[in-house]
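Presented below is the structure to which this report refers.
Rule-based calculations on the coordinates, nothing more; no lab input. Keep in mind the model is a prediction, meaning the values are calculated, not measured. Reconstructed Cβ throughout: ideal geometry from the backbone, glycine too, with neighbour counts over all protein chains shown.
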Amino acid sequence: MKARSTPWMGAAVSSGMSLGMSLAAALALALGAPGAFAAPHSGTGTAAAPAATGALPPAHHAGSISYLSGGIGSDQSAAFKAAMTRYPLSLEFARQSANGNEYLANVPVKIADAHGQALLSTRTNGPFMLVTLPNGHYVVTASHDGKTVHRTVDIGKTSHAHEAFVWPM
């Protein structure tokens, strides 16, 4: 079983929810309000907590990894999409259905280093996960409906990786 990987710009999947954002969030994004959604990736390879915001949930930490997960509701979904490029790794989870793609939550996710050592094991709180982690090579594993997919990602000082895990019907 293979899930598709799509570039982050084309990774929009319909969920039956409106993808509009609140006027305040739209203005903050349009005017470039500092810290409106998340702290930018510094490129140093160290974990950075996102700036305080009403739309994104608080960050969690596991060793040198900082991550946040969510995207339920149109405001939070828009905030996650706007913040994706500010994190070294963004993950998106969906399944194919007869009506198009549907977002998934409660997806088990594991991140291991290039040597196979587990660095993170968690479940998503929505269809998006934003991760700050040191530069290096990693294997991201996600499971849905008994099907597990492994992806290799490379994180560098100036690179951003986006993986969209989309499981077939």
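Condition first: surrounded by fewer than 21 Cβ atoms within 10 Å (Cβ to Cβ) and of a type outside the set (Asp, Glu). Now tell me which residues in the range 104-119 satisfy that. Scanning the range 104-119 gives Ala105, Asn106, Pro108, Val109, Lys110, Ala112, Ala114, His115, Gly116, Gln117, Ala118, Leu119. Which of the residues belonging to the range 127-169 are of a type outside the set (A, V, I, L, M) and touching a helix residue (DSSP H, G or I) at 6+ places or on another chain (Cβ under 7 Å)? Phe128, His160, His162 - these are the residues of the range 127-169 that are of a type outside the set (A, V, I, L, M) and touching a helix residue (DSSP H, G or I) at 6+ places or on another chain (Cβ under 7 Å). All of Ser90, Ser74 fail the test of being in contact with a strand residue (DSSP E or B) (Cβ under 8 Å, 6 or more places away or on another chain) and not aliphatic (A, V, I, L, M), apart from Ser90. Among the residues of the range 127-169, those that are polar (S, T, N, Q) and outside any loop (DSSP other than H, G, I, E, B) comprise Thr132, Thr141, Ser143, Thr148, Thr152.
Within the range 110-138, the residues that satisfy the criterion of being among the hydrophobic types (A, V, I, L, M, F, W, C) and free of Cβ contacts under 8 Å to residues at least 40 places away in the same chain are Ala112, Ala114, Ala118.
Of the residues making up the range 98-115, none is touching a His at 6+ places or on another chain (Cβ under 6 Å) and among the basic types (Lys, Arg). Kindly establish whether Ala94 is aliphatic (A, V, I, L, M), over 14 Å from Ile65 (Cβ atoms) and over 15 Å from the mean Cα position of the chain (by Cα). No.
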